[in-house]
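**Q** Let me begin by handing over the structure; questions about it come next.
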Amino acid sequence: MTRIVPVLDLSRLEPGASERRTFLADLRSAARDVGFFYLSGHGIPNDQIDVLLAAARRFFALAEAEKLSIGMVNSSQFRGYTRAGGEFTKGKADWREQLDIGVEREAIPQGPGLPPWTRLQGPNQWPASQPELKPLLLDWQGRATAVAIRLLKAFALALEQPEDAFDPIYADQPNHRMKIVRYPGRDLTGDTQGVGAHKDGGFLTLLLQDQNKGLQVEYGGGWVDVDPIPGTLVVNIGELLELASNGYLRATVHRVVTPPAGVERISVPFFFSARLDATIPLLTLPDELAAEARGPASDPDNPLFRDVGTNVLKSRLRSHPDVARRHYADLVGPASTSAAA
């Protein structure tokens, strides 16, 4: 049976001009057709992957009170712990617990006239009893960033652009974030929705999965399983690449189905994006590619903006209404008693 989601080996970028051209053609085809692919040859050692997954499991095994002490509701940067059912996709609860972290930077002092998205920059929250988690996750950020940048440069070449075409909108201060996520088994949830159907908003998502399946991608009018392949990352195209390529590249709808009863699934998604102060350009594609660009798809209920900070904040406010009410009451309304609990 032909695999719908292809496997691409990033090391094929290196051997020589002929192999490089073939890889770039395969990359462009995968990104335009299904919008997802498995990535091997990324250079991250398997033992580092095992260490990260083990640390994630230890975090989720902490007492609930300790996890809630670094609850996301404490953070105007949308960093920290969210219990299962605490994040929403299109208004419906996602049954996963997670720890969100972003780039460790100083918060931007607020004052009159600053756009609201400037509140998104700032520190992470870390569990006091698991000090090894911070260096592990920041190390993973660095490794995943290096892979994402190699891929983004490859995408520029695949679109027949200069290799550094995207550099000005992410260089120095890329806006990336990541999560460690636990999906509890179906016997412990109120629904089969691990994460509802959605597109990702950045340039690229690099996903590390454990051995348990659940990720599905929309393709050909149905849902296709993206089951784990050891040693690979799953990569999908985000809406920024769709915008920049005028829809030539495809940000694909995907979801996660809750695991069977008695099974938990651990995953580590990494979302690589542009600077918060960047505006996404419209690339001038060669005629043969431009003729196949269908324009970016936009949901009237969730419009896309070329201003990165506006897009990111819009997404965060929709996904985490408790954080929105507490820290962005000027945008969404005053905090409620339940939001402050």
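Values quoted throughout were computed directly from the atomic coordinates according to the rules given, and no laboratory measurement underlies them. Note that this is a predicted model, so its numbers are computed, not measured. Reconstructed Cβ throughout: ideal geometry from the backbone, glycine too, with neighbour counts over all protein chains shown.
This table checks each residue for (1) buried (at least 17 other Cβ atoms within 10 Å of the Cβ); (2) over 18 Å from the mean Cα position of the chain (by Cα).
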{"residue": "Arg12", "(1), (2)": "yes, yes"}
{"residue": "Arg20", "(1), (2)": "no, yes"}
{"residue": "Leu24", "(1), (2)": "yes, yes"}
{"residue": "Leu27", "(1), (2)": "yes, yes"}
{"residue": "Gly35", "(1), (2)": "yes, no"}
{"residue": "Ala54", "(1), (2)": "no, yes"}
{"residue": "Ala63", "(1), (2)": "no, yes"}
{"residue": "Gln77", "(1), (2)": "yes, no"}
{"residue": "Gln98", "(1), (2)": "yes, no"}
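**Q** Tell me which residues, restricted to region 231-262, are part of a loop (DSSP other than H, G, I, E, B) and either without any contact (Cβ under 8 Å) to a residue 40 or more places away in the chain or in contact with a Phe, Trp or Tyr (Cβ under 7 Å, 6 or more places away or on another chain) (or both).
**A** Within region 231-262, Thr232, Gly238, Thr252, Thr258, Pro259 meet the criteria.
**Q** Which of the residues spanning region 117-133 are surrounded by 15 or more Cβ atoms within 10 Å (Cβ to Cβ) and out of contact with any Asp or Glu (no Cβ under 8 Å at 6 or more places or on another chain)?
**A** Residues satisfying the conditions are Trp117, Thr118, Arg119, Leu120, Gln125, Trp126, Gln130, Leu133.
**Q** Against the definition (of a type in the set (Phe, Trp, Tyr), under 22 Å from Gly142 (Cβ atoms) and in contact (Cβ under 8 Å) with a residue 12 or more places away in the chain), how does Phe60 come out, yes or no?
**A** no
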